[in-house]
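Chemist: Take this structure, written in structure tokens, and hold onto it; I'll ask about it next.
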Amino acid sequence: PLHQRIQGLSNPILSMFHRQHPREESLELVAQIREAAPEINLSPDFIVGFPGVTDADFDDKMHLLE
């Protein structure tokens with residue numbers, strides 16, 4: 001499997017973690033990987049309950065999981 005750190009995947013949370021790429025770039029990367037290798041398994045990390053996470057951030061994360 002390909003491991004990708006998703007963490008919050010909302011731009012404010014990514015900024016807190018000093019990530020250089022916004023949510024949109026991460027989602028585009030996943031789409032490109034799936035197009036190039038549809039059989040690949042993705043293994044993400046998700047962080048829940050991090051200080052500063054809003055209900056909207058959590059909802060975005062749940063939407064991504066769906």
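The values are calculated or read from the model by the stated rules, or taken from the named source; none is laboratory data. Please read these numbers as outputs of a predicted model, since none were measured by experiment. Counting neighbours? That spans all protein chains shown, and the Cβs are built from the backbone with ideal geometry, glycine included. Remember, those area values only see protein heavy atoms, side chains included, never the ligands or the DNA or RNA. Shrake-Rupley method; radii C 1.70, N 1.55, O 1.52, S 1.80 Å.
Chemist: Can you work out the base-10 log of I(q)/I(0) for the chain at q = 0.17, 0.18, 0.20, 0.25 1/Å, using the Debye formula on its C-alpha atoms alone?
Modeler: -0.60, -0.67, -0.81, -1.16
Chemist: Using alpha carbons only, how many degrees (0 to 90, rounded to 10) separate the axis of helix 55-65 from the longest principal axis of the chain?
Modeler: Between the helix axis and the principal axis of the chain, the angle is about 10 degrees.
Chemist: Accessible area of the chain with a 1.4 Å probe: how many percent of it is carbon plus sulfur?
Modeler: Values: 2640 of 4770 Å².
C and S atoms contribute 55 percent here.
Chemist: Could you give the accessible area per residue of the chain, probe 1.4 Å, as a whole number in Å²?
Modeler: Value for the chain: 72 Å² per residue.
Chemist: How big is the dipole moment of the chain about its Cα centre under a simple scheme where the beta carbon of each Lys and Arg is +1, that of each Asp and Glu is -1, and everything else is neutral? Debye, nearest 20, please. Provide the component values of the computation, followed by the final result.
Modeler: On the way: 5 positive and 11 negative charges, 50 e Å.
Once rounded to the nearest 20, the dipole reads 240 debye.
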